[in-house]
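These notes are about the structure you will find just below.
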Ligand SMILES: Cc1cc2nc3c(=O)[nH]c(=O)nc-3n(C[C@H](O)[C@H](O)[C@H](O)COP(=O)(O)OP(=O)(O)OC[C@H]3O[C@@H](n4cnc5c(N)ncnc54)[C@H](O)[C@@H]3O)c2cc1C
Ligand code: SF4
Ligand code: FES
Ligand code: FES
């Protein structure tokens, strides 16, 4: 969608420059003031990983992390992201290596059509972040289900998604424990 | 894609600037907290605005603090913050519960307390696309001349579907309202229950220049118990089909009074006084009578998209269960 | 001969396959617990879906839709829209006058209304503009004059009102199809039965609601070649219908199906958006995208048909089914869609896994002024299965026979023929029953759980593709081209549509297993009509059996060539060469091996470029009976399923919580068990949702959720009650029961390695199992779906012990 939309004389377009960080990269992007963050990501920055399933907050396919918190980009104004940090599914893996969640989702069949997956992964990533910060992390199925409560999946019945998040969460806990018991901790 | 219409955006970082913008915009500006109610409604063409006033940056709307016997919550706190805040969980657990049951995790991260209290009313004939509403021929709340919920009715009876409003009313909360007038900030404070009007097209009694700044709730003493309960078909995402809060004031082991606040009926929560129950023991029959009271005095309408008759049947059960959960061990013993 | 692959393998051959597997001392590829072949693309945003496509100079298309459920279109004035700056073309019905329909016998739809609109949302005009905003604005400026006609919302009204015809040229009033078939003397059998159960069942409408909305992009190149990318599950049928409606030769059309974000039958026929985008691309000479809003997805619908069913079932004292007599009224909505087939399926797919002493069905599908119904997962057979399996449960109570035992007693056996003449090959139904009985702890639970808690069972059967193509043809139903290249890689070209179910993985697994490479060494190029041979599409659970066989044939041809060349070099017999783990090696002598790449090079050096094709056509004898309609519903192989559901019913609120569902499914052979489990879990989830939660309802229609007739009221007829993912309540992660998928393998000689279907069968009996569990829990039956709290409460109030 071109930024410079043809001018309807009756309704002058208002364009603003949004400065934000996306997946660690700073951008200054021109966007019409009535654009959503999802539109900015998909059509301006070409980050099409974030999906649109309902466009009004009902499905979670557009979930991104905004300053670390799962957020529905389809009902967030692009301008609301001014000065903030956005993480999308494109930024999950590090240095070409898949994130543990991506690996677990892939191996365990947690994505069928994959359309809910980017949003699912972002909500899951936040769950792992929280878990990693907990003093004594415990992985509970009901916490996982609650963390994913805003992401609809029509294919999987959620079963394999729960399994994949659980496996990645167990890895997180193991890492946390290993750190705690590591050379420094043991000494 | 469902597109937003064109509008301006302002992002003040001071309350005065925000209030000035509102005052200057000649009713064209809409405060935007999380936008989780406003933006879907604007996308559906149900609400129009010339300017979105982003409240996120306004520091005066943030914070949760103890002020004497009250807990003060800025209108700009997100529902996730309200639900997780230790002070809220301690002092106003029913509010924390209500906040934690709103919508979905993402929405609770975005949505603000102020927005939840100023939430637009909901109805199956209005929360639809422009195309749908045109095919319907509109209604009092859009471009039409009749109400489909109450045929022949004179006013819109769309439902206030806020989960935190019943809980906060049960805590006797008041809201702090500010506006820019005569080159200065004017403030007023009203009981939350009085914020709402019975006209579903204009159910929040705020001038277009006014902002909700914060909520003040007296921290209940040991002789007061407050609880909240919500029912919706799904355990996440859904708006409430029943949202009730109960305040129970005790005299020793017996009830002394309190109130039952029932949401999702019409444009304002129904507040039922419980003085008549003074002296009752916290026993199952009292809980049942509270349910009966709700049944007798409240009539859920076919405004929100679910079978109204069933909601009516279910309401007393939810009230009774809420009461029993507040009675705690006492009910089990008797 | 049955076709390129004769299908019927001997037991010895199947055994050899098993031995092959053991011989490869590694994690098996075939039957191994791998994920999806393309999984990581789904994890990173790299999998391109149709809306991810953005082309230079692309225009955006929006469709203007009818606000009336039934009306004549008197005039469409587009001049105000065309005058808008940035609007490049406006399209009206007269420009696409040729009707289409996925079933060639019932073309009753136009891309844009010609003279009439038949449901709220029927497309009337389309616009191509620089932006979506402009296209929307242009739609607002199209002036349409309608003459409103009476709307028929209830199927009963559609039958009764002979004065109102939804399709003027339809021969039988508003009846789109009626099928009456009888096998044996049902009346006599009922008269002689020990027990006759009569039931009236209602199955409500539900919709697929894939998370990806429909989307199409079209572009015309300098030579006039039209390319259409579409979120479709039937690219081949789309190509055919585009050719017909646009009056272009097939060779001028290229259809590409990118990654599809779920379909479930909801994208299995052409829709207005594809025709409009294509014609607008022709008119403007620019690429055009049309993306449906979520509401438009609900309007496109083609979801589960609401059924009103009356069943009489006769039983012998020992529980044997002597007679099944069914009458069904199907609410078809405004267009035929697959309706002709649905009407047959509503009876034809019921006659297994049980022996019916005699059988008769009479199904009538009518037009109504609502979004058209079509095939949703378990097309046409989920509704009658619900009725039958509840009938069986009622009989088991009346006869005092455990319901699992009752089902066992009626088992038809393997290699048997149903009362309506379908030949069933392998049949693992008893294994399925055993599996769910054991896993659920049935014997300790049935009839023994505390009040409010209950457990129920049901069984079912489904097809692995239909024996006949939708249009008459003798050509193969699936074909694969396979090429080996010098890097040691296998390329598979197939017309198959991966809509999430995993057909790409299935093809890669077969190719890798046969040619001794790893899964990652296989590239699958799929669903591009320029690059791939024809496959009929992802519907009726046909791809694994059909494309799988075609793939197997091509891979075996290449495998034999390579083994032959390597054997020559080593001076051993060709069948002593094993291809596995990126190696060619000698059987029983692991010391002697060469990298598979070297084997490929050797073979290419000797034989020239290594390519092969495989085709699959269905067997044409020994499949079905010889009567009119006897071919519809016949399949090369049948899958079988048993479900046990455990529920908790809150007697005060009437709410049913589905706590756990065990589903055992006989898929013949699980080529990729993780994916088969995923299909089972997804199916059960969807079935459970239909049983207690989801409702695609049109205002003015049917019964309200509380069973009372609703009051249509002015202006509301035909409006969707739920047109968003908020109001159409599909289960969230917090609403889903615990799902236990149990794979059962009764290999069928006609399937690749014995494989049958897994994508639709496991939905069916979930619903009656839940209904039967509700009865076990609280002793009441809710025969009108969905089982809402209001209906349960009402039934509880009428429960005899309450009076
Ligand atoms: C899928 C979905 C499910 C939902 N489920 C629930 C639910 O279960 N329970 C529930 O209660 N809500 C629900 N909501 C509605 C909404 O998300 C919440 O009510 C939320 O709290 C609104 O807050 P907000 O900050 O996003 O409001 P906004 O959308 O920003 O604002 C809502 C209204 O309040 C006004 N407003 C906002 N802040 C102020 C202020 N400080 N002063 C004056 N006016 C102000 C705005 O102008 C607007 O009119 C749901 C929404 C969606 C999309
Ligand atoms: S209550 Fe009546 S007037 Fe109000 S939104 Fe609903 S139909 Fe319209
Ligand atoms: S697309 Fe944002 S919630 Fe559905
Ligand atoms: S994998 Fe298809 S929607 Fe979740």
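The values are calculated or read from the model by the stated rules, or taken from the named source; none is laboratory data. No experiment lies behind these values; they were computed from the predicted model shown. Neighbour counts run over all protein chains shown; Cβ positions are idealised from the backbone, glycine included.
Summary table
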| item | result |
| --- | --- |
| When residues of the range B:15-36 are limited to those that are away from chain A (no Cβ under 14 Å) and surrounded by 23 or more Cβ atoms within 10 Å (Cβ to Cβ), the one nearest to ligand 2 (Cβ to nearest atom) | B:22 |
| Any hit, the range C:161-172, residues being touching a helix residue (DSSP H, G or I) at 6+ places or on another chain (Cβ under 6 Å) and away from ligand 1 (no atom under 16 Å from the Cβ) | no |
| Residue pairs meeting the criteria (Cβ under 7 Å; at least 6 apart or on separate chains; first touching a residue at least 12 places away in the same chain (Cβ under 8 Å), in the range B:135-156; second more than 16 Å from ligand 1 (Cβ to nearest atom) and not in a loop (DSSP other than H, G, I, E, B)) | B:142/B:133 |
| Test: residue C:220 is in contact with a strand residue (DSSP E or B) (Cβ under 7 Å, 6 or more places away or on another chain) and either away from chain A (no Cβ under 14 Å) or more than 26 Å from residue A:56 (Cβ to Cβ) (or both) | yes |
| Odd one out for residue A:136 among (1) farther than 28 Å from residue B:10 by Cα; (2) within 14 Å of chain B (Cβ to nearest Cβ); (3) free of Cβ contacts under 8 Å to residues at least 24 places away in the same chain | (2) |
| Residue count, the range A:139-174 (criterion: within 22 Å of residue B:104 (Cα to Cα), more than 16 Å from ligand 1 (Cβ to nearest atom) and free of Cβ contacts under 8 Å to residues at least 24 places away in the same chain) | 8 |
| Residue within the range C:250-264 that is within 16 Å of ligand 3 (Cβ to nearest atom) and either modelled with pLDDT under 95 or out of contact with any helix residue (DSSP H, G or I) (no Cβ under 6 Å at 6 or more places or on another chain) (or both) present | yes |
| In the range B:153-184, the residues that are within 11 Å of ligand 2 (Cβ to nearest atom) and part of a loop (DSSP other than H, G, I, E, B) | B:153, B:154, B:155, B:156, B:157, B:158 |
| Residue that is nearest to ligand 4 (Cβ to nearest atom) [pool: residues in the range A:107-162 that are on the phi > 0 side of the Ramachandran plot and in contact with a strand residue (DSSP E or B) (Cβ under 8 Å, 6 or more places away or on another chain)] | A:114 |
| Residue count, the range C:27-60 (criterion: modelled with pLDDT of 95 or more and more than 12 Å from every other protein chain (Cβ to nearest Cβ)) | 3 |
| Of all residues in the range C:624-647 being touching a helix residue (DSSP H, G or I) at 6+ places or on another chain (Cβ under 7 Å) and surrounded by fewer than 24 Cβ atoms within 10 Å (Cβ to Cβ), the one that is nearest to the other protein chains (Cβ to nearest Cβ) | C:632 |
| Residue in the range B:110-132 that is at positive phi and either at pLDDT below 95 or away from ligand 4 (no atom under 16 Å from the Cβ) (or both) present | no |
| For residue C:78: the one exception among (1) crowded, with 20+ Cβ neighbours inside 10 Å; (2) more than 8 Å from chain A (Cβ to nearest Cβ); (3) within 20 Å of residue A:51 (Cα to Cα) | (3) |
| Qualifying position, being over 16 Å from residue A:101 (Cα atoms) and either within 16 Å of ligand 3 (Cβ to nearest atom) or modelled with pLDDT of 95 or more (or both), among A:164, A:178, A:146 | A:146 |
| Matching residues, the range B:95-152, being within 16 Å of ligand 2 (Cβ to nearest atom), part of a helix (DSSP H, G or I) and within 14 Å of chain A (Cβ to nearest Cβ) | B:130, B:132 |
| Helices (runs of 4 or more DSSP H) contained in the range C:742-803 and holding at least 3 residues out of contact with any strand residue (DSSP E or B) (no Cβ under 6 Å at 6 or more places or on another chain) | C:766-778, C:789-797 |
| Test result for residue B:187, in a loop (DSSP other than H, G, I, E, B), outside the structural domain of residue B:282 (by TED's automatic domain parsing) and away from ligand 4 (no atom under 16 Å from the Cβ) | no |
| Scan of the range C:120-142 for residues that are in a strand (DSSP E or B) and under 20 Å from residue B:129 (Cβ atoms), ordered by number | C:123, C:124, C:125, C:126, C:127, C:129 |
| Count of the range A:57-80 residues which are more than 6 Å from ligand 3 (Cβ to nearest atom), at the interface with another protein chain (Cβ under 7 Å from one of its Cβ atoms) and either within 20 Å of residue C:50 (Cα to Cα) or in contact (Cβ under 8 Å) with a residue 60 or more places away in the chain (or both) | 3 |
| Answer from B:140, B:61 - the residue that is at pLDDT 95 or above and within 21 Å of the chain's Cα centre (by Cα) | B:61 |
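Per-residue answers, yes or no, for (1) away from ligand 3 (no atom under 16 Å from the Cβ); (2) farther than 15 Å from residue B:9 by Cβ:
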{"site": "B:33", "(1), (2)": "yes, no"}
{"site": "B:37", "(1), (2)": "no, yes"}
{"site": "B:45", "(1), (2)": "yes, yes"}
{"site": "B:51", "(1), (2)": "yes, no"}
{"site": "B:56", "(1), (2)": "yes, no"}
{"site": "B:70", "(1), (2)": "yes, yes"}
{"site": "B:74", "(1), (2)": "yes, yes"}
{"site": "B:83", "(1), (2)": "yes, yes"}
